[in-house]
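A short worksheet on the structure shown next.
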Amino acid sequence: MVSGHLGPADRLGTIKTRVGIGRMTYTVDPGLYAMGTPDENSPVLVTANYKLSFDRLRAAWHPKDAWILVLDTNGINVWCAAGKKTFGTNELVSRIQSSGLAKIVSHRKIILPQLAAPGVAAHKVRRACGFTLVYGPVEADDLPAFMENGMKATRQMRAKNFPMSERAVLIPMEFIPTAKWMAALMVVFFLLGGAGFSGAWWADVRTHGTFAALMLTGGLVAGSVLTPLLLPWIPGRAFAAKGAIAGLITSFAIAAAVGPGFRRADSLAEAAGMALIATAAAAFIGMNFTGASAYTSLSGVRREMRAAAITVDAGVGCAAAVINSMLGRTGDSCCRVVESDGEKTAPQCGPGCC
């Protein structure tokens, strides 16, 4: 027995999952659930055992009665599970048989989410257990209207939109885990800022190191925040390319805003190198949204991964060039003895210091 009403614990669990806490274990037990007080004529709705999917379905159908058949998808949502075949024909047939569904309902129709279609062969299910599959709307919220319309979907019910609200809700799950390894990278670049330049390590860390950390922060924000929010307006279709464009724009904005305030941190070579490094990071982070997109196919993801690999390789090459440049300045930096006509003269400042 389960209620369609979502309580405080359900909402707290949703928030925790959205920020990456317990995401991989946020599941419900597979099996047959009675929502409300269903009878033999009540509809049978099928979903995944990822609790967010389960909650969205029962909240959309509340306060009506229904049987909810939950498949074991290893805690993965319907769409992704269908692509991985865990929301598949064999699991559906097995769950129908093990739950004794044929003895519980008098009809032989079960309703699946439209996005489950890639993983389920309807003719095989009917041949194996006698149930006819009806593919419901894309959005669970359209399910009541779908049922009232005689289990017929309108064109709008068959379309999958990706509005800003849905893109925005994905940001914490991308930003927080990525920020963890990006923070370590920022610390490395921050400390490397003291290797070269004027020869005064702490002074260089505060200028060049801070500049590098700010540029990497811009790459993080560009890839995990700006890319999903501005997705329809950034040119191109590849997420890696969109992330790269957002990264370039963010890097140039940061360089223009804070470069002059960091004295030598606004040198063209240094700013350009850090911009390319941040762009590579933004491209890689932005590519993560291929799994959340409504229009990226498996082959498209593979193409994007190849393109992103090239971008990241370019960024790594630029990083090596920047580090080499920083380290190379040490020999030219501060006071050194200058030879003139074979004789040593008084110490003079090198070009990296004066």
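Observations
- Consider region 144-153 and keep the residues that are in a loop (DSSP other than H, G, I, E, B) and in contact (Cβ under 8 Å) with a residue 12 or more places away in the chain. The one that is surrounded by the fewest Cβ atoms within 10 Å (Cβ to Cβ) is M151.
- Taking the criterion of being surrounded by fewer than 18 Cβ atoms within 10 Å (Cβ to Cβ), under 15 Å from L71 (Cα atoms) and charged (D, E, K, R), the only residue of region 1-58 that qualifies is D29.
- Filter result for I76 (without any contact (Cβ under 8 Å) to a residue 24 or more places away in the chain, assigned to a loop (DSSP other than H, G, I, E, B) and in contact with a helix residue (DSSP H, G or I) (Cβ under 9 Å, 6 or more places away or on another chain)): no
- Scanning region 156-177 for residues that are in contact with a Phe, Trp or Tyr (Cβ under 9 Å, 6 or more places away or on another chain) and closer than 20 Å to T290 by Cβ gives K160, F162, R167, L170, E174.
- Count - residues of region 164-204 that are touching a residue at least 40 places away in the same chain (Cβ under 8 Å) and acidic (D, E): 1
- Selection of region 63-82 for residues being more than 21 Å from V169 (Cβ to Cβ) and open to solvent by 20 Å² or more (accessible area, probe 1.4 Å) yields P63, K64, D65, W67, D72, N74.
- Some residue of region 28-49 being in a loop (DSSP other than H, G, I, E, B) and without any contact (Cβ under 8 Å) to a residue 24 or more places away in the chain: no
- Condition broken by G83, with the remaining ones in (1) more than 25 Å from the chain's Cα centre (by Cα); (2) in a helix (DSSP H, G or I); (3) farther than 16 Å from A140 by Cβ satisfied: (1)
- Q156 being assigned to a helix (DSSP H, G or I), open to solvent by 80 Å² or more (accessible area, probe 1.4 Å) and either of a type in the set (S, T, Y) or at pLDDT below 95 (or both): yes
- Here N161 meets the list (1) assigned to a helix (DSSP H, G or I); (2) in contact (Cβ under 8 Å) with a residue 60 or more places away in the chain; (3) open to solvent by 50 Å² or more (accessible area, probe 1.4 Å) almost entirely, failing just condition (1).
- F211 vs. criteria on the phi > 0 side of the Ramachandran plot and modelled with pLDDT under 90: no
The values are calculated or read from the model by the stated rules, or taken from the named source; none is laboratory data. It should be emphasised that the depicted structure is a prediction, and the values quoted were computed from it without experimental measurement. Neighbour counts run over all protein chains shown; Cβ positions are idealised from the backbone, glycine included. Surface accessibility is based on the protein's heavy atoms, side chains included, excluding ligands, DNA and RNA. Shrake-Rupley method; radii C 1.70, N 1.55, O 1.52, S 1.80 Å.
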